[in-house]
Amino acid sequence: SQLELVAVYPNLSEEDPILLTKDDLARLEEGGHLNCTLINYRLRFFQEGLKSLDPEMFKRCHFFNSFFYKRLLQSMQGGSSAKEREDAYQHVRRWTKHVDLFSKDYIFVPINESLHWSLAVVCRPGLWAQQQTNMTTSRFSNGGRNAVSAPAAAAGAEVSEPAADFSGILYLGPLRLPPSSPGIMKLKWYLEEEYKYKMSHRTAAASSSAEAP
């Protein structure tokens, strides 16, 4: 059977292990199409390697699996008004219930758009959020320079960190999507709603602490 389990990564004792079947491996043949399982496996492989080689850098990163972006698109099928975006956000809010994305330096989001897989890397989301709050010019809103397209890196290639003052989205994939592409726009909308939600709850918590006897 093509659904026969052939591998588990990292292992069954780990949280959310990746289960690979014969069908998944067959997709690696010439002419095959990658699926969510293979994408999640490769990203998890990168995570485990980073955790082992550079634990401090690993703590500075957050990795979404492929199902997050799929859910994000489903939740944002409506319009782009402030109310519609706020309502759509409620469908993905719990994905980061125990995570503060804006304390991270890098957020990794696998994307499937136009039948192609790619990877969006949000660099220093906290810096971007501060720039937006202060109404300063940011690369998320200054005429399209907020998203930088780049060809997918070759396996094993070294990738340097972006400049310390850079905040934006690095798009790694076979397509050169414009910053206004639906996928990138929805990711930016999500970050904006996430920041508003987290900041409102942080403010409420601070107020409660201050009022406590």
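Details
- Those strands (runs of 3 or more DSSP E) of the stretch 1-68 in which 3 or more residues are within 27 Å of R124 (Cβ to Cβ) and open to solvent by 70 Å² or more (accessible area, probe 1.4 Å) are absent.
- Selection status of S80, surrounded by fewer than 16 Cβ atoms within 10 Å (Cβ to Cβ), small (G, A, S), assigned to a loop (DSSP other than H, G, I, E, B) and touching a residue at least 60 places away in the same chain (Cβ under 8 Å): yes
- Within the option set S141, S180, being open to solvent by 30 Å² or more (accessible area, probe 1.4 Å), modelled with pLDDT of 65 or more, closer than 23 Å to M76 by Cα and hydroxyl-bearing (S, T, Y) holds for one residue only, S180.
- Residue in the stretch 89-120 that is nearest to M76 (Cα to Cα), counting only those that are hydrophobic (A, V, I, L, M, F, W, C) and open to solvent by 10 Å² or more (accessible area, probe 1.4 Å): W95
The values are calculated or read from the model by the stated rules, or taken from the named source; none is laboratory data. This one's a predicted model, so the numbers in the text were calculated from it and none came from an experiment. Reconstructed Cβ throughout: ideal geometry from the backbone, glycine too, with neighbour counts over all protein chains shown. Just the protein is used for accessible areas: all its heavy atoms, side chains included, with ligands, DNA and RNA removed. Shrake-Rupley method; radii C 1.70, N 1.55, O 1.52, S 1.80 Å.
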